[in-house]
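Right, one structure below, let's go through it.
Throughout, read-outs are computed from the coordinates displayed, never taken from laboratory work. Nothing here was measured: the structure is a model prediction, and the numbers come from that model. Because the Cβ atoms are built from the backbone with ideal geometry, glycine has one as well, and the counts that use them run over all protein chains shown.
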Amino acid sequence: MNSVMRNRFQRGVTLVELMAVVVMVAILATLAAYGVRKYVFAAKASEAYTMINAIKAAEEAYRDETFVYLDVSGSLNSLYPNAAPDNTKMSWNNPSGNNYNNWQTLGVDSTTAVQFGYAVVAGAAGAAPPNPGTTEQTFTWPAPTTEPWYVIKAVGDRDQDGIQAIVVAHSFSSEVYVEREEE
């Protein structure tokens, strides 16, 4: 090894080199934290998809037996099991929740606690479905409706900042609409 290389190894690192490494580590840590946060919120949103699919299946089974969909909530603002969803989880089988008996009749269940609040409104052919209260999407329903229908709404504030994620599904299509998924 020549003397220039030997002196370089003995000298160590400069303060500028050390600061550059610290800045790079800080940037990587920030990116990692953002990525993990986004992943966690996306995973929490899967609860709404799972429950909405269960509600859709239960409504279809109910219609097969009764020829109508069950109007569980009466209003899309009457949420169950948590009337004011935040970042806490509640047991699905909440006897003090809005319209508990109707949810039991529909037969929807969750083996784990849920973070979103859910509402289902249904009507007969000819009745107009309600507006689900979204700000970024306007729903256009068939006018007049020729079949019985239902509208499902899930609401959750996963990071407790006062801004709610809204998930909407209905019997007119198989699509699920999500507003503010990152919330």
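Worth pointing out:
- Potential lengthening of the chain between residue 20 and residue 141 amounts to 37.8 nm, from the contour at 0.36 nm per residue minus the alpha-carbon distance.
- Extension reserve of the residue 134-residue 111 stretch, reckoned as 0.36 nm per residue once the Cα distance is removed: 5.4 nm
- Shape category assigned to the stretch 3-179 from the gyration tensor of Cα positions, a/c cut at 1.5: prolate
- Taking 103, 92 and counting other C-beta atoms within 10 Å, the order from fewest to most: 92, 103
- The chain - charge dipole about Cα centre, Lys and Arg +1 at Cβ, Asp and Glu -1, debye rounded to 20: 1160
- Angle in degrees between helix 15-66 and the longest Cα principal axis of the chain, rounded to the nearest 10: 10
- Positive-end residue of 25, 15, 110, charge dipole of the chain with Cβ unit charges: 15
- Put a dot 7 Å past the Cα of residue 160, heading toward its Cβ, do the same for residue 96, and the two dots end up 1.9 nm apart.
- Exposure proxy order (Cβ contacts within 10 Å, fewest to most) of 59, 65: 65, 59
- Between residue 50 and residue 27, residue separation times 0.36 nm minus the direct Cα-Cα distance comes to 4.7 nm.
- Point-to-point label distance, residue 65-residue 83, nm (Cα→Cβ direction, 7 Å offset): 2.8
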